[in-house]
Structure formats: C-alpha cells, structure tokens
Amino acid sequence: MSSPTEEIPSTQCNTEYDTLRQVILCQPQYMAIEEVINDVQKKYEDENINVSIAMKQHEEFERKLIEHGVDVIKLPTSEQFPEQVFTRDIGFTVGDDVFVAEMASDIRKGEEEALEEWLDDKDIPFQTTTNRVEGGDVIVDGNFVYVGISSRTSEAAVRKLKGDLPDHTIIEIPFNEKYLHLDCVFNILSPTVGLIYPPAFEESTVKMLSSKYELIEVSSKEQFTMGTNVLSIGNKKVFSLPQNVGVNDAIRAHDFEVIEIDFSEIIKSGGSFRCCSMPIVRE
C-alpha cells in the first residue's frame, strides 16, 4: 500500500474521471477460469490463466497507480474465489455512499465479505444492495448514475438504488447481457467524452447517450479485448491495453494521455482495468 502524506477523505466518488486518490485492488493469486460466465472466458477456457503472468501484470498496474499518487488498498486473496481480482463488482461508491454488492453468480458469492471486513476495520459505513446489483453495471457522472440492466443487475435493485440515492438521477441502461457488465460496452472519460460499443444497445439508447457525450465507437475486435473497460485516474489520464490500438489512438486524439499496461492475461477472464479497481476516493 502506498503512504500518501496528505489526509484522504473516507469516501468520495462523484464521477468516473476525477482524480483517483484511493482504490481497492485484489491480486490474481488464485485466478482461474473454473466456471465459464462470459464469452471471453469461453474462448480461453482450455488455455486458462497463467497466474504467474497475471500476477506480474497486476503488480505493474499497482506500481503505476502508486506512481501516479494513488493510495492502493489490497484485499486478501482466497483460493475459494478465482474471480476476486475484479474488485469493481463487489462494491461501488456514489458520492459519500459506499455500497457492497449482492453478487449474482454463485462462483462469486462471498467475495464481498473481505470488502465488508475492510470497511468495518476503517469504520467506514456502507449499505448492502439487494436483488442483485454489481459495480460493473454502475457508472457515475455527477448527479447522474447510469445503471446497466443485465443478468447481473436487476430492475428491482435499481428501484432500491433510487430510494437510497434520492439526490441522484438514476438512468437505466438496458443492454445485451452477453457482454456481462455495462462497463464492458460503455464508459465515461470526461464530462464530454465517452466510449461505446453500439451493437450492445438499442438504437434509442445510443442516441440518448450521444446527446450527452461525444462517443468514441469501439470495434467488435477491441470490445472483445475490453476496449471500453479503461480506467480514468484524473487529469485526462487513462489506463488502457496496448493491444487496443484503435481505442488508444482515438482517446489520444481527444487530448488524453494513455497509460499502456499489458493486461493480456487478466482480460482472458473478461475484465480489464476498470473491472480490477474499486475507487473509494476521487477528488
């Protein structure tokens, strides 16, 4: 864990692109494709995960975060949870509120307990979601919270979120659930720029999002290699895979700095930089 000199607020995340101050990670020490739960895993099921390579890639990600002034919290790993590297899904922060997710897939149920223990240890209050909602389906931009409706996040959960977040406008985003989570097909880089994979949505949804953001369209090839699943850390800096050349060129054309880290082993399980990070504080 890094040791910042200035005091960090306990929780605060108002956007996907404010300066990242504190984030929760979990190393891929026991990462494996044990039960196929998305199309990407289906492709790599026989090949599976080289844990040694995944660990080195994740360590480089952590090192770069710390280099950019981010305080990194690492949850303990467990052989019981082969998917726990994807900390985004076990919880999410909206404003000052931290939510701990109710996981939809049996293979992932229980991952959230390590997060709850850390929050309790730090005396950080949190709410527990119900009726299935995972952090990969929750994208925050000021008073607007976009929530993907999928096999992982239910409409009942969204109704509860509306009650829990009365000062926010919750916008439901239905999409083709074969893509697992909303952040695998849509992401926000700044108040005006976003990434999208249009085939995942109804035309009306793409039109609505286009009215709010200048959308960079991601190709099917780069969607499969998690082209939308970048991580913004503030000051127009974005973590992305070097393999996603088209996405990276388009992001740079909008005056962003792209921090390229090879995450090729970790994306075999269907998630990339955003999936592997749960922001606690952005300022």
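The values are calculated or read from the model by the stated rules, or taken from the named source; none is laboratory data. This is a predicted model, so every value here is computed, not measured. Cβ placement follows ideal geometry from the backbone for every residue including glycine, while neighbour counts extend to all protein chains displayed. For the accessible areas, the whole protein counts, side chains as well, though only heavy atoms, and no ligand, DNA or RNA atoms are used. Shrake-Rupley method; radii C 1.70, N 1.55, O 1.52, S 1.80 Å.
Of note:
- Scope region 233-255; condition of a type in the set (S, T, N, Q) and closer than 16 Å to C184 by Cβ; matching residues: S240, Q243, N244
- Complete set of residues in region 199-233 that are over 19 Å from E172 (Cα atoms), surrounded by fewer than 16 Cβ atoms within 10 Å (Cβ to Cβ) and out of contact with any strand residue (DSSP E or B) (no Cβ under 8 Å at 6 or more places or on another chain): S219, S220, K221
- Among (1) open to solvent by 10 Å² or more (accessible area, probe 1.4 Å); (2) closer than 17 Å to E16 by Cβ; (3) among the β-branched types (V, I, T), the one test that V145 misses: (1)
- In region 124-146, of all residues being without any contact (Cβ under 8 Å) to a residue 40 or more places away in the chain and assigned to a loop (DSSP other than H, G, I, E, B), the one that is farthest from I196 (Cα to Cα) corresponds to P125.
- Residues (surrounded by fewer than 16 Cβ atoms within 10 Å (Cβ to Cβ) and within 19 Å of S264 (Cα to Cα)) located in region 234-250: P242, V245, G246, D249
- Residue count for region 151-198, restricted to those that are part of a loop (DSSP other than H, G, I, E, B), surrounded by fewer than 20 Cβ atoms within 10 Å (Cβ to Cβ), out of contact with any Phe, Trp or Tyr (no Cβ under 8 Å at 6 or more places or on another chain) and in contact (Cβ under 8 Å) with a residue 24 or more places away in the chain: 3.
- Number of residues in region 74-90 that are closer than 20 Å to P279 by Cβ and buried (at least 18 other Cβ atoms within 10 Å of the Cβ): the value is 9.
- Exclusive hit being in contact with a helix residue (DSSP H, G or I) (Cβ under 9 Å, 6 or more places away or on another chain), among the hydroxyl-bearing types (S, T, Y) and at pLDDT below 95, set T228, T153: T153
- Which listed residue is in contact (Cβ under 8 Å) with a residue 12 or more places away in the chain and in a strand (DSSP E or B), from I33, I53, I73, I66: I73
- Failed criterion for R108 (all others in (1) among the basic types (K, R); (2) over 30 Å from L165 (Cβ atoms); (3) open to solvent by less than 40 Å² (accessible area, probe 1.4 Å) hold): (2)
- Criterion violated by E116 - all others in (1) open to solvent by less than 20 Å² (accessible area, probe 1.4 Å); (2) part of a helix (DSSP H, G or I); (3) over 30 Å from P191 (Cβ atoms) satisfied: (1)
- Within region 255-283, being open to solvent by 50 Å² or more (accessible area, probe 1.4 Å) and in a loop (DSSP other than H, G, I, E, B) holds for D255, D262, E283.
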